[in-house]
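Down below is the structure, laid out as structure tokens.
Each value in this text was obtained by applying a stated rule to the coordinates, not by laboratory testing. Keep in mind that what you see is a predicted model, and the values were worked out from it rather than measured. For neighbour counting, all protein chains shown are included, and Cβ atoms are generated from backbone atoms with ideal geometry for every residue, glycine included.
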Amino acid sequence: MPLLPPQPLHDWHLTPGEAVALQKRLAPRVERSDRIAPVRHIAGVDIGFEDSGATTRAAAVVLKWREAGPPFEVIEQVVYREPTRMPYIPGLLSFRETPAALGACARLETTPELVMVDGQGLAHPRRLGVASHLGLWLDVPTVGVAKSRLCGRHAEVGETRGDSVWLEDKGERIGTVLRSRTRVKPLYVSPGHRISQAAALEWVKRCLYRTKLPEPTRQADRLASRRDGPGRR
DNA sequence: GCGACAG
DNA sequence: ATCTTGTCGC
């Protein structure tokens, strides 16, 4: 999918303090309501590492959306590598993963109407998780699907598949804690960009098939973390 | 000052 | 995230 013309949405040589300042400037640009075109394709994005972390491997997959529900047909798969440029710092994940993620997305021929990202969206201390940051950059609707909590509080979630509770922080709802599989650790779903809380949750539910992760993220996950080196596609 | 802390 | 064996489920 095409990348937007270069914009001051990201910088690769920032100190932690500068990165935090940038997040505060970008957060207000995140759109929290639905501005989504009819969904035909949904992409999944995830990052993995090789060479003890020296190489970052980004994976992007595109699935054809079917009203009939999953399993969806995978129509594109891309793996893109580049040297790792920043360490992992809680709250600054997007600065470590977004560069490679953009590289993978730029190599997709299809432009999806929705992108699911492994990580938080709004459910971030400054409301700019990796899903939001990537969404801003690509100017495409995104939803964050994380496997654990970064911030916020929530009541206990029911143990049955489909049960969910709000994730809140500082008096506002920042996401949803969703039990995607009975008796399995819940998912933390939050809007990335151009999507509402309700729609973000619904799309994740609609993409659940038989595993803990929704299909877009699951497919990207397996590509990004394969221990042997998948070339491309 | 003491924890918590996406991937 | 990654390092790891066997094991349970579809």
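Miscellaneous remarks
- Residues that are more than 16 Å from DNA strand C (Cβ to nearest atom), more than 25 Å from residue A:35 (Cβ to Cβ) and among the charged types (D, E, K, R), drawn from the stretch A:127-169: A:153, A:156, A:163
- So residue A:200, is it of a type in the set (A, V, I, L, M) and under 11 Å from residue A:144 (Cα atoms): yes
- Matching residues in the stretch A:88-113 - criterion: being farther than 14 Å from residue A:17 by Cα and either outside any helix (DSSP H, G or I) or more than 15 Å from DNA strand B (Cβ to nearest atom) (or both): A:88, A:102, A:103, A:105, A:106, A:107, A:108, A:109, A:110, A:111, A:112, A:113
- Within the stretch A:76-99, the residues that satisfy the criterion of being surrounded by 14 or more Cβ atoms within 10 Å (Cβ to Cβ) and in contact with a Leu (Cβ under 8 Å, 6 or more places away or on another chain) are A:76, A:77, A:78, A:79, A:86, A:91, A:94, A:95, A:98.
- Lone unmet requirement of (1) within 15 Å of DNA strand C (Cβ to nearest atom); (2) surrounded by 15 or more Cβ atoms within 10 Å (Cβ to Cβ); (3) more than 30 Å from residue A:55 (Cβ to Cβ) for residue A:209: (2)
- Reported count of residues in the stretch A:43-71, each being of a type in the set (Phe, Trp, Tyr) and within 10 Å of DNA strand B (Cβ to nearest atom), is 1.
- In the stretch A:21-30 there is no residue matching the filter, namely being in contact with a strand residue (DSSP E or B) (Cβ under 9 Å, 6 or more places away or on another chain) and in a strand (DSSP E or B).
- The number of residues in the stretch A:144-165 being touching a residue at least 24 places away in the same chain (Cβ under 8 Å), in contact with a His (Cβ under 9 Å, 6 or more places away or on another chain) and part of a strand (DSSP E or B) comes to 1.
Condition check ((1) in contact with a Cys (Cβ under 7 Å, 6 or more places away or on another chain); (2) buried (at least 19 other Cβ atoms within 10 Å of the Cβ); (3) more than 21 Å from residue A:41 (Cα to Cα)) across all residues:
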residue: A:101; (1), (2), (3): no, yes, no
residue: A:105; (1), (2), (3): no, yes, no
residue: A:113; (1), (2), (3): no, no, no
residue: A:118; (1), (2), (3): no, yes, no
residue: A:135; (1), (2), (3): no, yes, no
residue: A:140; (1), (2), (3): no, yes, no
residue: A:143; (1), (2), (3): no, yes, no
residue: A:149; (1), (2), (3): no, no, yes
residue: A:161; (1), (2), (3): no, no, yes
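Results for (1) within 26 Å of residue A:165 (Cβ to Cβ); (2) in contact (Cβ under 8 Å) with a residue 40 or more places away in the chain, shown as yes or no for each residue.
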position	(1), (2)
A:32	yes, yes
A:36	yes, yes
A:42	yes, yes
A:52	no, no
A:69	yes, yes
A:93	yes, no
A:99	no, yes
A:116	yes, yes
